[in-house]
Structure formats: C-alpha cells, structure tokens
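The numbers here are math on the coordinates, done by the rules we state, and not lab data. Keep in mind the model is a prediction, meaning the values are calculated, not measured. We place every Cβ from the backbone using ideal geometry, glycine too, and count neighbours over all the protein chains shown.
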C-alpha cells in the first residue's frame with residue numbers, strides 16, 4: 001500500500017510542474033542579462049560589490065605591476081601569469097601586466113580582491129569558449145578591451161509562487 005502512495009505522490013508532483021512556467025531558454029538566440037557591471041572589490045572599504053563573475057577587465061592605466069593578482073591566484077588555479085608589454089606606462093615601471101588563462105581560471109574573484117588599485121574586475125561576459133587551449137589565454141591587451149554589451153533575457157523571480165522564469 002505504501003508503494004502506491006509513493007507512486008501517487010510522485011505523479012502529483014509531476015502534474016504540479018506542468019502548470020509552472022518554464023525556466024529554460026534557447027541559448028544562442030536568447031542570452032541572460034545580468035544586473036550590474038560585474039564583480040568589483042573596493043579595497044578602501046574592504047567590501048566586495050556582488051555581481052556575476054565572468055571575464056576580467058584590466059585597466060592598464062591603473063595597473064602598477066605589483067603581481068598581487070598573480071599571487072592570489074597562485075595556490076588556487078595558477079591562471080594568471082605576469083607578462084611584459086612594450087611601451088611606456090607611467091604607473092607601471094616594470095611594464096608587466098596580468099595574462100589570464102581561462103582554461104585554468106575558476107572565477108573565484110580573489111585576483112579582483114587582491115588588486116589595491118582598482119585595475120582588475122570581473123564583467124558579466126560569460127561566453128568564453130575556444131577550439132584550442134591557446135585561444136583561452138587572454139593577453140593584457142585583450143583584457144583591456146571591454147566586452148560588447150548585448151541586450152539579453154532577464155530572469156524574473158516570483159517569491160509568492162516560489163518560481164522563476166525569464167521575461
């Protein structure tokens with residue numbers, strides 16, 4: 001008798017979900033739109049400003065080459081390597097900047113937390129893919145170019161019903 005009750009409970013749960021709105025969307029045509037600019041950290045107040053942790057953005061004019069981002073990543077993913085860049089950089093006398101290997105990056109945000117000069121933060125760009133491992137390595141020049149902003153699909157949370165759907 002208890003097996004029949006469990007089967008009926010499972011069936012009732014399935015029927016209940018038939019009337020809820022779907023949360024899935026068609027990915028290449030529809031993309032998620034996140035609120036805010038991404039994940040930032042304010043070293044003065046020592047507060048992380050929450051946001052999506054995606055591709056990094058490097059402000060080369062603010063970077064001093066202190067290598068704190070590389071040190072923060074060293075025991076986690078070893079995804080950041082400091083590389084020399086040609087040219088004169090007034091704030092960076094050593095002319096070394098971070099290069100990130102997204103094949104290794106775990107998007108923890110510790111590199112952003114470690115940067116005391118507001119030179120590095122994470123954007124909402126989540127489309128990082130490539131056909132080979134070398135294409136996942138972003139040089140400092142590539143990191144300094146902001147990702148394009150595309151209009152996407154927003155996620156709507158309905159707390160009364162306890163469900164979410166996209167608009």
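Roughly what angle does helix 2-18 make with the longest principal axis of the chain, taking Cα atoms, 0 to 90 degrees, to the nearest 10?
For helix 2-18, the angle is close to 60 degrees.
Hey, fewest Cβ within 10 Å first, where do 50, 13, 2, 144 land in order? Don't jump to the answer; show the numbers that get you there.
Values: 50 12, 13 9, 2 6, 144 18.
Listing 50, 13, 2, 144 from fewest to most nearby Cβ atoms yields 2, 13, 50, 144.
Tell me, what is the percent relative contact order of the chain, built from C-alpha pairs under 8 Å that lie six or more residues apart?
Relative contact order of the chain: 29 percent.
Using a 10 Å cut-off around each Cβ, can you sort 93, 31 from fewest to most neighbouring Cβ atoms? Walk me through the numbers on the way to the answer.
Details: 93 10, 31 15.
The fewest-first ordering by Cβ neighbours comes to 93, 31.
Would you look at the GNM of the chain, springs on alpha carbons closer than 10 Å, and say which of 103, 65, 130 moves the most?
130
At a 10 Å Cβ-Cβ cut-off, how would you order 29, 81, fewest neighbours first?
Ordered from fewest to most neighbouring Cβ atoms within 10 Å, 29, 81 come out as 29, 81.
Translational D (Stokes-Einstein, µm²/s) of the chain at 20 °C and 1.002 mPa s when Rh comes from the Kirkwood sum over C-alpha pairs?
114
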